[in-house]
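Student: One structure, as structure tokens, below. Some questions next.
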Amino acid sequence: MHCLSMKNQLSGAGPASAGAAAPNAAAAANATSTAGGADAADAPKAPFSLADAYLNNHADVHMSFCLLAVIGYMNNYTADFVAPFVVASYDHPVKRDLGHVTVDVTEYGTGPLDLALLLFLVCFWLSVRAIVQEFILDKFILRLKFSSIRTHELFESAFRIFFYGIVVFWSWSIIRDNSYITNSASLTAGFPHLLMDLSTKLLLLSSIAFWLHNIPWQWIVEARPEQIRTRVIYSLINAAFVAAAYYLHYSRVSVCLLGAQAVSELLYSFYQLFEQAKKEDLARKSFQAWAVVFVFVRQAIITLLFKVFWSSTAVAAVPEPASAEGATDAQTVAVDEPQGAGLAGLVFAGAILAVQGVAIYQFIALMLTHKHGLSSLLSGKPKAAKQSDAAASNSSEASKKAKKQK
């Protein structure tokens, strides 16, 4: 009986002790969580960073700047100050002879106020790129469910297609309206051309702004360091060439060069887009189309450079023979502007030729080593297709031998 009572007491003591220990454990847990919350509350907050605020709200910042500039231009009190940011400066009324009639037109020169419009266009490109990526590209490219690196490359290729498509349409419309192809003498007459029409001015400034906006964009999207270096150098080279053509008054020939180069770059951007999207057949066809167009574009650029810069320098250096009235100082070009390319023009043309030489060398190396290169172009099948056909034929031969052995 004594043992039974002791057993009952021991068995009754277990649940009671457990129930007493449970509130203690809960209290300890509450104390620990309270201490953790207190430590988190007492932890110092990250300092405010202007760079982080800009990166998180870059689209709003750029769009706000553009909207404020437009609104300021519409206000009578601030219109004079804001005008260089919104409209083209250095306008000059001139008379243009169209052969059968003379019309009054407005043409534009260059100057330091163009930097204000350039800043506006850079912010405009940053805003447009953010809008296109968020509302158009995200809806299509993110559905493919690629890796973050491949998705970023697809975004880059798609937006380059957007830009080069605009340049092709814009430049070739200028070439058609001014008859630069049918009347090629207009490219050299009065060279360099101190004035240009509004469409040409905006095209050149927009091209410079595009390449300049591409530099901060690499940090906005947090590209890889090796990609940032390559893309920044490429953007600076393009911006430098277009800016040199703009401020050295090579507007007409630069429009032709931009239009030809944009056709080649557009096809190559299509190839990159299809290659990254794993559309092998479309990638092969676009690469081969780019390879053919690349050759003709290089030939057109080199021919145009020699025609404009070399011939204009020669014409400017040779005076017109003395006439019966004794006029010995007249030049062969009948306009009162500085004539000839000069040393700056020859340096500019030489730099473009050097770049074309590097591009041709890289093109030859690429055609010899690329899977869609020369062998694929001649045979009509890529190397991967040839290897798969060879593997299929080998497997069929092996299956035939196995059947004969059976």
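Student: If packing is taken as the average count of other Cβ atoms within 10 Å, what order do 242-254, 71-83, 156-168, 183-195 fall into, highest mean first?
Tutor: Ranked from most to least packed, the peptides come out as 242-254, 156-168, 183-195, 71-83.
Student: Roughly speaking, what is the stretch gain from L343 to I237, that is 0.36 nm per residue apart minus the C-alpha to C-alpha distance, in nm to one decimal?
Tutor: Numbers: separation 106, 0.36 × 106 = 38.16 nm, distance 2.05 nm.
Contour length minus the Cα-Cα distance gives 36.1 nm.
Student: Between L50 and L115, what is the FRET efficiency for a Förster distance of 22 Å, r being their Cβ-Cβ separation, to the nearest 0.05?
Tutor: On the way: r = 23 Å, r/R0 = 1.07.
The value I calculate is 0.40.
Student: Which entries of K307/K371; K201/K285; K139/K201; K95/K307; K139/K371; K278/K371 have Cα-Cα distances beyond 25 Å here?
Tutor: On the way: K307/K371 37 Å; K201/K285 35 Å; K139/K201 34 Å; K95/K307 27 Å; K139/K371 31 Å; K278/K371 14 Å.
In this structure, K307/K371; K201/K285; K139/K201; K95/K307; K139/K371 lie more than 25 Å apart at Cα.
Student: Multiply the residue gap between K278 and D177 by 0.36 nm, knock off their C-alpha separation, and tell me the result in nm, one decimal place.
Tutor: Values: separation 101, 0.36 × 101 = 36.36 nm, distance 4.00 nm.
Between K278 and D177, full extension yields an extra 32.4 nm.
Student: First select every other residue whose beta carbon is under 14 angstrom from the beta carbon of A83; then total the charges, Lys and Arg +1, Asp and Glu -1. Write down the numbers at each step before the final one.
Tutor: Working: positive: none; negative: D80, D91, D114.
Net charge in that neighbourhood comes out at -3.
Student: What's the extension gain from Q362 to H100 if we count 0.36 nm per residue and subtract their Cα-Cα distance? Working shown, then result.
Tutor: Numbers: separation 262, 0.36 × 262 = 94.32 nm, distance 4.92 nm.
Separation in residues times 0.36 nm, less the Cα-Cα distance, equals 89.4 nm.
Student: Which FRET efficiency value, to the nearest 0.05, is calculated for H92 and K139 with the Förster distance at 35 angstrom and r the Cβ-Cβ distance? Don't jump to the answer; show the numbers that get you there.
Tutor: Working: r = 46 Å, r/R0 = 1.31.
The calculated FRET efficiency here is 0.15.
Student: Arranged by the count of other C-beta atoms within 10 angstrom, fewest first, what order do T182, T230 take?
Tutor: On the way: T182 9, T230 13.
The fewest-first ordering by Cβ neighbours comes to T182, T230.
Student: From the residues F120, L137, T188, which one has its Cα farthest along the dipole of the stretch 116-215 in the positive direction, the dipole being from +1 and -1 charges on Cβ of Lys/Arg and Asp/Glu about the Cα centre?
Tutor: Most positive-ward Cα: L137.
Student: Based on the Cβ-Cβ distance from A244 to V292, what FRET efficiency comes out when R0 is 25 Å, to the nearest 0.05?
Tutor: Numbers: r = 30 Å, r/R0 = 1.19.
Efficiency computed from Cβ-Cβ geometry: 0.25.
Student: What does the charge add up to near W217, with Lys and Arg as +1, Asp and Glu as -1, over the other residues with Cβ less than 11 Å from its Cβ? Kindly include the intermediate steps, with their values, before the conclusion.
Tutor: Details: positive: R129, R231; negative: E156, E222.
It works out to a net charge of 0.
Student: Tally Lys/Arg at +1 and Asp/Glu at -1 over every other residue whose Cβ is under 13 Å from the Cβ of E265; what's the total? Don't skip to the answer; put the middle values down first.
Tutor: Values: positive: R160, R298; negative: E156.
Here the charged neighbours net out to +1.
Student: Order 117-129, 211-223 from most to least packed using the mean count of other Cβ atoms within 10 Å.
Tutor: Numbers: 117-129: 20.8, 211-223: 18.1.
Packing proxy ranking, top to bottom: 117-129, 211-223.
No lab work stands behind these numbers, since they all come straight from the coordinates. As the structure is a prediction and not an experimental result, all values here were calculated from the model. Please note: Cβ atoms are built from the backbone with ideal geometry, for glycine as well, and neighbour counts cover all protein chains shown.
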